[in-house]
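Computed from the coordinates by the stated procedures, all read-outs in this text should not be read as laboratory data. All values reported here derive from a predicted model rather than from experimental measurement. Methodologically, a virtual Cβ is constructed for each residue, glycine included, from the backbone with ideal geometry; neighbour enumeration extends over all protein chains shown.
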Amino acid sequence: MTLSRYRYVVVEGPIGAGKTSLTHKLAERLSADTLLENASDNPFLPRFYQEPKRYALPTQLHFLFDRSRQLRDLAQGDLFRAGTVSDFLIDKDMLFARLNLDDDEFELYQKVYTDLSLQAPTPDLVIYLQAPVDALQDRVRRRGVEYERGMDAGYLQRLANSYSEFFHRYEAAPLLIVNTSNFNFAKSDSDLELLLERMNKMRGPREFFSRAA
């Protein structure tokens, strides 16, 4: 498969879905650049997991400013020189904001978001990774990020539900919804090849990809 159809691919999903691992795998396989959200660079994120109400707004604003800057650079560059695979869709930032901010903070966030997100290019394809909450929790635990250890199943459930609702309405770009329960794209080359084949065969604006156990 080449990038002739997809110059800009975004991989999305809740925490623990495997979006960053798949982004690296796809970029390597397709000889494309990566565009990453770099959560570890957000100084407010560890504090957010300790005190969500206090640090939700600065955490979200830091992500928003960083992502909008990266997308502005991408839009101003030559997308046809090399393809790009990203592990974030800036449209979903509003999802986290609604989930974590109070009304006044959310109103402020909306104003900033409206000014910044207009420069974001539209992906040629969005891959939305789904997984059961217990699988998400297990993956978060196994990757061993210290500040994520306090994340409870309730928050992951609300987050997964928000993602499901968001992508149920999403129409801005072609969407491939992938049930990851029986795939391991990070470790299985054959699973990755199946995904690439499915991407290549995609014809409609919204399609589903899964495999029985």
Shape of the chain, Cα gyration tensor, a/c cut at 1.5: oblate
Highest average packing first - 174-180, 133-139, 143-149, Cβ atoms within 10 Å: 174-180, 133-139, 143-149
Overall form of the range 131-207 per C-alpha gyration tensor (a/c, 1.5; a/b vs b/c): oblate
Flagged links, alpha-carbon separation over 30 Å, of K92/K201; K25/K111; K92/K187; K53/K187; K25/K53: K25/K111; K53/K187; K25/K53
Cα gyration tensor shape for the range 75-157, rounded if a/c is under 1.5, else prolate or oblate: oblate
Modelled FRET efficiency - R0 35 Å, Q76 with L108, Cβ distances, 0.05 increments: 0.80
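For D66 and R198, compute 0.36 nm times the residue count separating them, minus their Cα-Cα distance, and round to one decimal in nm.
Additional length available on full extension: 44.4 nm.
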For the chain, size of Cβ-based charge dipole, Lys and Arg +1, Asp and Glu -1, in debye: 540
Farthest toward positive dipole pole in the chain [+1 Lys/Arg, -1 Asp/Glu at C-beta], among A131, S162, N42: A131
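If Lys and Arg each add +1 and Asp and Glu each add -1, what is the summed charge of the other residues whose beta carbon sits under 11 Å from the beta carbon of L196?
Local charge sum for L196: 0.
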Order of M199, M94 - criterion: other Cβ atoms within 10 Å of each residue's Cβ, fewest first: M94, M199
Whole-number percent relative contact order across the range 8-209, with pairs defined as alpha carbons under 8 Å at least 6 apart: 29
Efficiency of FRET from Cβ geometry, R5 and D134, R₀ 41 Å, rounded to 0.05: 0.70
